[in-house]
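Read through the structure below, which is laid out as structure tokens, and then see the notes.
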Amino acid sequence: MAEFPKGFLWGAASASYQIEGGVQEGGRGESVWDTFSHTPGKIKNGDTGDIAADSFHRWREDVQFIKDLGLGAYRFSIAWPRIAPNGGEPWNPEGFAYYDGLVDALLEAGVQPWATLYHWDLPQVLQNRGGWQNKDTAQAFGVYARRVAEHFKGRVTHWFTINEPQCFIGMGYGTGEHAPGLRLRVEDQLLCWKNMLLGHTLASEALHETDSKNIVGLASCGGVCYPASEKAEDIEAARQEMFACLEGFHGFSNQHLLDPLCLEDGPGKPDFIGLNIYHGTAVRMGEKGPETVPYPTGGPRTAFDWPVTPEALEWGPRFAWERYGLPIYLSENGLSCHDWVSLDGKVHDPQRTDFLLRYLQALAKAIAAGADVRGYFHWALTDNFEWAAGYGQRFGLAYVDYATGRRIPKDSAAWYGNVVKTNGKVL
Ligand code: IFM
């Protein structure tokens, strides 16, 4: 039986471009993801987010599902181009109205809204002026954050500024696999990092100044290392490797993002750290220092081919807590499975339940070891548009039939609902 502290927050997460659809409705402007997904050859099967899970129309069903699960919080993202089709003023009242409906329904259902201001759907107009290579984008992000904070003052008090900078810069401006599809030199990627850090800082200031009750963090997806054994030297090797600045530029490190923001007091220092963790790498101490241990051939893997390594949910939070001493929320964790609707009309996903059982038990160990972990958001609430992989990867607690938009709660949803209800005692 696992122990979670009283008041531990159980939630689920989503992101605007991945679920909303309605890309040409409600006065929304174009985002870099509209452009990118409509560029031939960029997305598997030529999929786009034009309709996605159709949450722009079906958000009431999503809120009902959240209520049925008994969740304490829902993490969603606000599409910048819905609020500001041109990146800034004039603001779009219809865009605010969409999120008003969602936020008010969540509050009515007794669910805390946790809003992310940037989950990668940059207004295309800003990309046309250089996107994150341009310092003006950081300034515009601060202005947008202030306007959103003013609008939702008193209703939304928990905020993520930016989701996974490592990913949107590394894949959007580095490898070109994500929007806007650029392959920049490391120096130019570092300029994006600088502007992103400034953007985060300006947004944090705006959120804190607008309402002293606002609690602000950001979500990091840096690589997680865990010790190959319980030996002290292997633990030390994993600790060093997790924050190592590897040869050259290693964009997928927590260090690049969290060290400058969290190790000293400053206007961008988060109130909490969001960790998005799906898997990790085993590390041991070798003769010349830390060395990674190859994942066993034939070991368990998700439909996305990601290794199943529950240890990451113990050691990632432990090492982050040791280094930064800030409260931690698991802002994303989950897996894609080859889910389908069975002849009985249900979606049976025993692998998801087994994965979650293992990972949540590991998270309980992190808490028992002293890490201040305060909540867990399952990725994702519903199946959705998985970026370059299109609709082929299903991460949801609810299956989405993309032809009709119909949702079917998977078996794992009932299981997770029970975890939530018992505060993890069933684990
Ligand atoms: O779907 C993504 C999400 O947008 C960011 N974190 C990882 C998830 C799964 O790949």
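The values are calculated or read from the model by the stated rules, or taken from the named source; none is laboratory data. In this text the structure is predicted, and so the values were computed from the model without any measurement. Note that each Cβ is placed from the backbone with ideal geometry, even for glycine, and that neighbours are counted across all protein chains shown.
A few points about this structure:
- Of all residues in the stretch 375-393 being closer than 16 Å to Ile51 by Cβ and away from the ligand (no atom under 11 Å from the Cβ), the one that is surrounded by the most Cβ atoms within 10 Å (Cβ to Cβ): Thr382
- Residue check for Arg183: free of Cβ contacts under 8 Å to residues at least 24 places away in the same chain and in contact with a helix residue (DSSP H, G or I) (Cβ under 8 Å, 6 or more places away or on another chain): yes
So that you can scan it fast, the table gives a plain yes or no per residue for (1) buried (at least 18 other Cβ atoms within 10 Å of the Cβ); (2) hydroxyl-bearing (Ser, Thr, Tyr):
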site: Ala12; (1), (2): yes, no
site: Gly21; (1), (2): yes, no
site: Gln24; (1), (2): no, no
site: Ser31; (1), (2): yes, yes
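- Val125 vs. criteria away from the ligand (no atom under 16 Å from the Cβ), surrounded by fewer than 24 Cβ atoms within 10 Å (Cβ to Cβ) and either over 16 Å from Ala398 (Cβ atoms) or not hydrophobic (A, V, I, L, M, F, W, C) (or both): yes
- The listed residue being under 24 Å from His158 (Cβ atoms) and touching a residue at least 24 places away in the same chain (Cβ under 8 Å), out of Gly251, Gly266: Gly266
- Number of the condition not met by Ala398 [criteria: (1) crowded, with 17+ Cβ neighbours inside 10 Å; (2) away from the ligand (no atom under 16 Å from the Cβ)]: (2)
- Top-ranked residue of the stretch 139-184 - restricted to ones that are of a type in the set (D, E, K, R) and surrounded by fewer than 23 Cβ atoms within 10 Å (Cβ to Cβ), ranked as farthest from Val103 (Cα to Cα): Arg183
- When the stretch 161-192 is filtered for residues that are away from the ligand (no atom under 16 Å from the Cβ) and within 18 Å of the chain's Cα centre (by Cα), nothing remains.
- When Ala312 is tested against (1) surrounded by 15 or more Cβ atoms within 10 Å (Cβ to Cβ); (2) away from the ligand (no atom under 15 Å from the Cβ), only condition (2) is not met.
- Which numbered condition Val283 fails, given (1) buried (at least 22 other Cβ atoms within 10 Å of the Cβ); (2) assigned to a helix (DSSP H, G or I); (3) more than 22 Å from the chain's Cα centre (by Cα); (4) among the aliphatic types (A, V, I, L, M): (2)
- Applying the condition of being in contact with a helix residue (DSSP H, G or I) (Cβ under 7 Å, 6 or more places away or on another chain), at pLDDT below 95 and outside any helix (DSSP H, G or I) to the stretch 226-265 and asking which residue is surrounded by the fewest Cβ atoms within 10 Å (Cβ to Cβ) yields Cys245.
- If the condition is being in contact with a strand residue (DSSP E or B) (Cβ under 8 Å, 6 or more places away or on another chain) and away from the ligand (no atom under 16 Å from the Cβ), then the stretch 24-46 contributes Gly29, Glu30.
- Checking each residue in the stretch 196-227 for being small (Gly, Ala, Ser), more than 14 Å from His158 (Cβ to Cβ) and within 16 Å of the ligand (Cβ to nearest atom) picks out Ser220, Gly222, Gly223.
- Look at the stretch 326-338: where a residue is without any contact (Cβ under 8 Å) to a residue 60 or more places away in the chain and a partner is near the ligand (Cβ under 9 Å from one of its atoms) and part of a strand (DSSP E or B), sitting 6+ places away or on another chain with Cβ atoms under 9 Å, you get Leu330/Asn276; Asn333/Asn276; Asn333/Trp379.
- Filter result for the condition that a residue is over 20 Å from His158 (Cα atoms), within 22 Å of the chain's Cα centre (by Cα) and surrounded by 15 or more Cβ atoms within 10 Å (Cβ to Cβ), over Ile43, Ile78: Ile43
- Cβ separations smaller than 9 Å between residues 6+ apart or across chains give the following pairs from the stretch 298-312 residues that are at negative phi to residues that are within 14 Å of the ligand (Cβ to nearest atom) and acidic (Asp, Glu): Phe304/Glu386.
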